[in-house]
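Contents: one structure, followed by commentary.
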Amino acid sequence: MNWFIDAGVMEQKSGFLGDKGKCWLWWAEELSLRGWKNHIYCHYFGSKKIRETWWRKLLFLWVVGWLLGSLWIFWFMYSQAVEKRKETLASMCDERARMLQDQFNVSMNHLQALAILISTFHHAKEPSAIDQMTFARYAERTAFERPLTSGVAYAVKVLHAEREEFERQQGWTIKVMYSKKQSLAAETQEVSPVQVEYAPVIFAQDAFKHVISIDMLSGKEDLENILRARSSGKGVLTAPFRLLKSNRLGVILTYAVYRRELPVDATSHERIQAAIGYLGGIFDVEALVDKLLHQLACKQSIMVNVYDNTNSDEPISMYGANITNKGIYHKSSLNFGDPMRKHEMHCRFKQNPPLPWLAITTSFGALVIALLIGYIFHATVNRIAKVEDDYRKMMELKKRAEAADVAKSQFLATVSHEIRTPMNGVLGMLQMLMDTDLDITQEDYVRTAQASGKTLVSLINEVLDQAKIESGKLELEAAPFDLRSVFDDVLSLFYVKSQEKGIELAVYVSDLVPETLIGDSGRIRQIITNLMGNSIKFTEKGHILLTVHLVEEVMACSLEEEKKGHSLYSLSGYPVIDRRQSWANFKIFNQDLPGFQQILSSSYSDLINLIISVEDTGVGIPREAQSRVFTPFMQVGPSISRIHGGTGIGLSISKCLVSLMKGEIGFASEPQVGSTFTFTAILSRAQANLNEYKPSEFQGMTSLVIDHRPARAKVTRYHLQRLGIQSELAMDLKDAIPLIADRTQLVNMVLVDKEAWSKNEDLWPLFMDKLRKEKKLDTPKVFILANPCNSARNGSANSMEYGSTVIMKPLRATMLLVSLQRAMGSGGKDNFQNGVLPGLSLSSLLHGRQILVVDDNIVNLRVAAGALKKYGAEVTCEDSGKKAITKLKPPHKFDACFMDIQMPEMDGFEATRRIREMEANINDRIKHGEISLEDCGKTLHWHVPILAMTADVIQATHEECLKYKMDGYVSKPFEGEQLYREVTRFFKSNTKKIQ
């Protein structure tokens, strides 16, 4: 609403228009400048007389014009429908005519082949290889090759001088063609009179054996066909006639059989002299055409007629009934191979054409739309007078909206304050705890909790940040901070998860990056946490590497990095995405490459342009989903939120934060290889130095780093350099032994990667002996750097044999400092005053209790487990509801369960419901004696106490817990004491009931 009534509304709307729209706006502005706007409004719309007189006439003309236009639309579409109907009929008719003609041609070709067969095997052989039985059987078996023929017969040429001998050999006399009045029996037919030449039938298909001995020259039409066939050498058709057996219309196709093969240019006289017989094929036209039409789809949609149009004045109907319909019809010509006869196929639709509903509805719809447009325009004119009133109302609504926006901002500020206040207290107490004497494990726990608390604050603020971003009120802080310490905290946050998955975490910051910067460390931490959190979710093997450089440094070294192989120079040996692809579209890299002098000069500038990359070897992002990576509340697939959780706004917020830092963000990803996210940020150089990880006890020391992977060795040297320790790198033992033997160089410690240790395990005894001999007075300490994916137990066992210490990765300055202090003998003594288990009464209640804690957040699991273990409870942790159901399937060993409510895949309510169903089922079976007490753990009634853990501290959530038969309720964020009180209350009440 505010947007609509804004004074710049037209300017904002113009952004959604194309070039044509902007052109129209320009013309509108020009017209307004010339006074047309006020003139038209005042003279036409504002005049009541105009609206009542010619405005009605204009509407009448509008209606009449569109009425005529709708009639034209109807006529045009109807004519198009008629033409389309004609085209459809022509296509269907031509298709049928073509199929009938093609099949007729096939039958003609096979008849011609049969004529050649008779010439070859009957006339050319002595004695003949063909008799009546052979001919009949062959004709029947090859009938499928002549789909349109009803039968075939062969008549031989006999001269009068040869008649007597021919009749004696055949055993019958030559008879004349029978008439319609004569019977079909051979004995009733007349003997052929004396004539110069005869053509008696000697072979016939069994169905036409009655024509044997009949002289084909005795029939008028047959005589003409035979004479034409032998003189032309082509097939000749008769006129349609009624077949005597079926009384259907049919035709006979006649081919002449010659004594020898004639040349193509043979004369008619030569063909007549060479003719020795005549082969005829009978075609039942009506049956064959009907059979053909039944093979086609939509055979009932049109009517087909076939005509012999040789005599155009009196065409003969060969197929189909007489048609009296005078509708649309189409003619298709038929060519049956006889140029003397002409045939046509006539087609008509059986049904009358349907009403042109499309034309009717379209024309009517156009008329209705025109009337609606006229009505809308008429209503618009009448409503113009109300614009001023509406404007006043909207101005009032604008004031209300602005007041609501102020209230929203105040609400966000209040919520932000109320959430941050207790969390800041927690973080402050953790920091105070860090100032006490802690051992390595305790210090790791405290730092992890501290980093998690900071991350939790940022996660809670994500929704608030999104609201601030939408309102444009998100601002960045500017305070000095140590960038390297921030990254150490982020690594501590993901330490446990990386160890579970066997992923190696590492961070490397270039030496050219100042130790202290001015900027918003919380927002940088938030961006890195989002990127590394996504990498942890989708990476199952390999590594996650965080690198920081100056933009100028990367631009100058890009040519050098092109030469490196991805697998050899990667942190874990797995192939990775070329990180240069992730910043290929950055504007800053499209400028000219600066020289090294510019890099040096930038180191003295107040502005620091950083480029930060997060590289992983995960599953990658599908190519079809890469375009929506930075879209708010959008994830790669619908199953991601169910499996991995998350809201889908982390990357969106990160992109906005990067923009506020005047930077750019991009990524490169390849499925099954991994992803690399890179962003730039412009910060300021701070004058003070906040680095606290260079104690004087390690200043000037030298270390030897043995690692066959350069990228990993580079990370180790970076962390040692932060403690003031100089490092020498060696790829393997061959490179390390000369450095040890060099008496001019003092080596205080040797750090060996576990993978390099295992690779040359047989050579390590020799190396250790060499080390002791060369450094008799001050033998260097040996440290094994173990990755999460290495076998920590085997590494510890082997290292104890040589007196070495195992340091677990990821390397962080604080943990590395403590480990070196312990091993070098310069650290403080352990103080366990904070480790005493307070509260003997609580310890007596919780000691030995088996408690299951279920939470999808690993930090919450550690906090709850640590708090319960403090009082002697034996705690088992699971990270999903499905695993909890498996653990709590009776019989089991657990005395209680702490269940988180909101978890991916299956929430705490559903898990509790299924657990109660399992317990009810086994209790019912125990009650009916279906299961013995020994099989169910000697428990008569199964009911494990389930306590809900949730951050929704509202009454509705508490009622929901009771609805799903949960026994207790603990709100988050919580302290350890809150857990203790709830468990103590429950076990006390249990104790009283037992007594």
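HN-Hα J couplings of region 868-879 from phi, Karplus 6.51/-1.76/1.60, θ = phi - 60°, integer Hz, Gly and Pro as x?
For region 868-879, the Karplus curve yields 6, 5, 4, 9, x, 6, 9, 10, 10, 10, 9, 10 Hz.
Provide the per-residue ³J(HN,Hα) series for region 892-899, in order, calculated from phi with Karplus coefficients 6.51, -1.76, 1.60 and θ = phi - 60°, each as a whole number of Hz, with x at glycine and proline positions.
9, 9, 7, 8, 7, 9, 9, 10
Amide H neighbours of Val257 under 5 Å, counting only residues 5+ apart in sequence or on other chains, H built in-plane at 1.01 Å?
Ile276, Gly277, Tyr278, Leu279
Mind ordering 144-153, 763-772 by average Cβ neighbours within 10 Å, highest first? Walk me through the numbers before you get to the answer.
Numbers: 144-153: 20.0, 763-772: 15.1.
Going from most to least packed, we get 144-153, 763-772.
Using the Cα gyration tensor of region 846-922, with a ≥ b ≥ c the square roots of its eigenvalues, what is the shape: rounded (a/c below 1.5), prolate (a/b larger than b/c) or oblate (neither)?
Working: a/c = 2.69, a/b = 1.24, b/c = 2.16.
Oblate is the answer for region 846-922, as a/c is 1.5 or above yet b/c matches or exceeds a/b.
Let me make sure I get this right: for region 269-320, a, b and c are the square roots of the gyration tensor eigenvalues over alpha carbons, sorted descending. Under 1.5 in a/c it's rounded, otherwise prolate if a/b > b/c, else oblate. Which is it?
Values: a/c = 4.18, a/b = 1.95, b/c = 2.15.
The shape class here is oblate.
If His892, His343, His110 are ordered by their accessible area, calculated over protein heavy atoms with a 1.4 Å probe, which sequence runs from highest to lowest? Walk me through the numbers before you get to the answer.
Values: His892 35, His343 10, His110 60 Å².
Reading off the accessible areas and sorting them downward yields His110, His892, His343.
List every residue whose amide H lies under 5 Å from the amide H of Phe783, counting only residues 5 or more places away in sequence or on a different chain, with H placed 1.01 Å from N in the peptide plane.
Val750, Leu751, Val752, Thr805
With no solvent and one point per C-alpha, what does the Debye sum give as log10 I(q)/I(0) for region 294-377 at q = 0.21 Å⁻¹?
-1.03
Can you give the Rg/Rh ratio of region 99-235, where Rg is from the C-alpha atoms and Rh is the Kirkwood radius?
Details: Rg = 15.4 Å, Rh = 16.0 Å.
Ratio of gyration radius to Kirkwood radius: 0.96.
Just read off the accessible area of Met216 with the full protein assembly in place, 1.4 Å probe, to the nearest 10 Å².
Rounded to the nearest 10, the figure is 40 Å².
Return the equivalent ellipsoid semi-axes of region 54-137 as a descending list in whole Å, where each equals the square root of 5 times an eigenvalue of the C-alpha gyration tensor.
Details: eigenvalues 1099, 13, 3 Å².
For region 54-137, the ellipsoid semi-axes come out as 74, 8, 4 Å.
If packing is taken as the average count of other Cβ atoms within 10 Å, what order do 915-925, 161-171, 438-448 fall into, highest mean first? Intermediate results must be reported in sequence, preceding the final value.
Working: 915-925: 15.9, 161-171: 12.5, 438-448: 18.0.
By packing density, highest mean first, the sequence is 438-448, 915-925, 161-171.
Determine the shape class of region 310-359: with a ≥ b ≥ c the square roots of the Cα gyration tensor eigenvalues, call it rounded for a/c under 1.5, and otherwise prolate if a/b is greater than b/c, oblate otherwise.
prolate
Roughly how many whole Å is it from the C-alpha centroid of region 205-270 to that of region 483-534?
First find each Cα centre; the distance between them is then 101 Å.
The values are calculated or read from the model by the stated rules, or taken from the named source; none is laboratory data. Computed from a predicted structure; not experimentally measured. Counting neighbours? That spans all protein chains shown, and the Cβs are built from the backbone with ideal geometry, glycine included. Accessible surface is based on the protein model in full, side chains and every heavy atom, while ligands, DNA and RNA are left aside. Shrake-Rupley method; radii C 1.70, N 1.55, O 1.52, S 1.80 Å.
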